[in-house]
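Okay, so here's the structure we're looking at.
Only the coordinates and a few stated rules stand behind these numbers; no lab work does. Not measured: the values here are computed from a predicted model. Every residue, glycine among them, receives a Cβ derived from its backbone with ideal geometry; neighbour counts consider all protein chains shown.
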Amino acid sequence: MPKRSCSLGSCSVRPSKRPSKLQQKHLYVLLDDWERGYSIYRVGKDDFSTDSDDYLDTTPLARMEAQHPVSMSFATHGTKILAVRPSEGSPAITGFDTKTMGLTVCPLPQSHRSFLRPFYASVGDMLFVMVYRSFELLGSQPPPDSKEPWSWYTIKTELPFEPAYVTGYALHPDGYTLFVSAKGWKPGNNSRLLDDLQQSTYSFNTESLKFRYHGEWMLPFKGQAHYDSELEAWIGLCRDGTGYVCSCDVPSRANCDTMPAWKVGKDKVFDHKSMRHRGATLLYMGCSTYCLVQCCAQKHDEWFAYPRHRVMKMCTFRLKYDKNGELRITGHRGRASMAYKVARDRVAPTLDPTVFCI
């Protein structure tokens, strides 16, 4: 199936009961099919079909050098995809701007040499990086004619949790409060050898740069959850990894000391017990429409510990509450897939797909 350049339609994700201005977005899929890093592929609305199993054309839009198979190797900031874990010895972070279709470069944060997994969060025009005992903010990009460098700034606020232990996070519909859940950590404890059963949730105000502790509970999501203005809830993949989506009421920023109400969807979106399953990522495309991206080993590689031949399967669907209040998949499903070969031997056998909707 030839690759087409038609974009994905997405309504605004800002909190409102009605969809606002229509935005044009694409899926940007990053594959570790290049020896020195990753290839970037763009998938549009017309690449999805309800009756075809053909693979999409895998002609890369661009390539970026980066470490692999390190998780959290990329982050998005505005219209840019940044290789926040560049190759060893690289003097800077390279990036690809999906708006200008050009390459960009920004400096490395001070924490870039940390062996621990960082946590990146892009909120508004700010990009935060949190790593153990290090908290930095990437300032606004200077205009093209400026002589000022693009710089990171150290934030004095002390991190109340270990970023490598983050299990799930979601942006509040106010647009500036980030809720983060972490395991094995609680306020006032400087030990990193805590029981994994320890649960904690915090909110971070990106305007005041302050954290607030909300109690010993965790968001029900694995990774990022998305605010759905039509459902008036956060939506994400269930933390237990069993292949279901779940919804969660948005808690109050000030008065939330217990876990808000949440429910598991009735329809399974992937089979976590399949021998071919290697990871999954859920993206929000707007208007209660989602895209599940699943990485699978190809059939002849499914019994190998480190399969190099893989398929990236993409499926779009809508979510609604039925008359009984159950979260259900509705509407026609669009499907697309890409076959590729991992560039190196003995890569991570299980890794959630790196894909962004911009």
With the label point 7 Å along the Cα-to-beta-carbon line of V347 and a cut-off under 13 Å to each amide N, the hits in the stretch 279-313 are 279, 295-298, 306-312
Rounded to 0.05, the calculated FRET efficiency for the beta carbons of H332 and A254 at R₀ = 56 Å is 0.85
Additional length obtainable on full extension of the chain from L137 to Y176, 0.36 nm per residue less Cα span | 12.6 nm
Modelled label-to-label distance, A339 and S49, 7 Å Cα→beta-carbon offset: nm?
-> 1.4 nm
Listed residues I40, N205, S181: farthest to the positive end of the dipole of the chain (Cβ charges) = I40
Taking neighbour Cβ counts within 10 Å as the exposure measure, how do T316, T157, T76 sort from fewest upward?
-> T157, T76, T316
If the chain between S90 and R113 were fully stretched, how many nm would it gain, using 0.36 nm times the residue separation less the Cα-Cα distance?
-> 7.2 nm
Fewest Cβ neighbours within 10 Å first, please rank K268, K147 accordingly.
-> K147, K268
Any idea which of I155, M130, Q67 is furthest toward the positive side of the dipole for the chain, if Lys and Arg beta-carbons carry +1 and Asp and Glu beta-carbons -1?
-> Q67
A chain fully extended from D145 to W217 at 0.36 nm per residue, minus the present Cα-Cα distance, gains in nm 21.1 nm
When N is the residue count of the stretch 318-358, what does its C-alpha Rg come to as a fraction of 2.2 N^0.38 Å?
-> 1.89
So what J values fall out for the stretch 271-287 if you push phi through Karplus, 6.51 cos²θ - 1.76 cosθ + 1.60 with θ = phi - 60°, rounded to Hz, Gly and Pro as x?
-> 9, 6, 8, 5, 5, 8, 5, 10, x, 8, 9, 10, 10, 9, 9, x, 6
Most exposed first, judged by fewest Cβ atoms within 10 angstrom, T289, T100 run T100, T289
Using the structure shown, select from K80/K156; K222/K299; K183/K210 the pairs with a Cα to Cα distance greater than 22 angstrom.
-> K80/K156; K222/K299
Derived scalar couplings ³J(HN,Hα) [the stretch 45-59; Karplus, 6.51 cos²θ - 1.76 cosθ + 1.60; whole Hz; x for Gly, Pro] = 4, 6, 7, 8, 9, 9, 9, 10, 10, 5, 7, 6, 5, 9, 9
Could you give the longest part of the chain that holds none of the GluC sites (Glu not before Pro) found in DSSP loops with at most 10 neighbouring Cβ atoms within 10 Å?
-> 159-358
Could you work out which residue, out of D97, D249, D345, moves most in a Gaussian network model of the chain, that is, has the largest mean-square fluctuation with Cα springs under 10 Å?
-> D345
